[in-house]
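The values are calculated or read from the model by the stated rules, or taken from the named source; none is laboratory data. Here the structure is a predicted model, which is why all the values come from computation and not from measurement. Here the Cβ positions follow ideal geometry from the backbone for every residue, glycine too, while neighbour counts run over all protein chains shown. These accessible areas exclude ligands, DNA and RNA; they are computed on the full protein's heavy atoms, side chains included. Shrake-Rupley method; radii C 1.70, N 1.55, O 1.52, S 1.80 Å.
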Amino acid sequence: MAADEKAQAGTEKAKGKVKETLGRATGNERMEAEGRAEQSKGDLRQAKENAKDAFRH
């Protein structure tokens with residue numbers, strides 16, 4: 001399960017980066033903001049998984 005969560009975090013971060021870049025390139029501020037939000041969500045998910053790993057060892 002942890003590997004699945006980590007993969008999902010990486011996917012969210014990548015999708016967010018793409019959205020942010022596309023939003024910036026097209027001048028779409030909403031898409032750019034959504035991209036930043038997705039990246040943040042991925043960062044939080046990754047931090048949660050890292051914390052769980054730290055307590056397991």
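Just need a number here: residues in segment 8-26 that are without any contact (Cβ under 8 Å) to a residue 40 or more places away in the chain and either touching a strand residue (DSSP E or B) at 6+ places or on another chain (Cβ under 9 Å) or open to solvent by less than 60 Å² (accessible area, probe 1.4 Å) (or both).
Total satisfying the criteria: 6.
Among the residues of segment 46-55, which ones are open to solvent by less than 50 Å² (accessible area, probe 1.4 Å) and either touching a helix residue (DSSP H, G or I) at 6+ places or on another chain (Cβ under 8 Å) or not hydrophobic (A, V, I, L, M, F, W, C) (or both)?
Result: GLU49, ASP53.
Condition test on LYS48, is it at pLDDT 90 or above and touching an Asp or Glu at 6+ places or on another chain (Cβ under 6 Å)?
Spelling it out, it is not the case that LYS48 is at pLDDT 90 or above and touching an Asp or Glu at 6+ places or on another chain (Cβ under 6 Å).
Looking at GLU29, GLU38, which one is acidic (Asp, Glu) and more than 16 Å from the chain's Cα centre (by Cα)?
Among GLU29, GLU38, only GLU29 is acidic (Asp, Glu) and more than 16 Å from the chain's Cα centre (by Cα).
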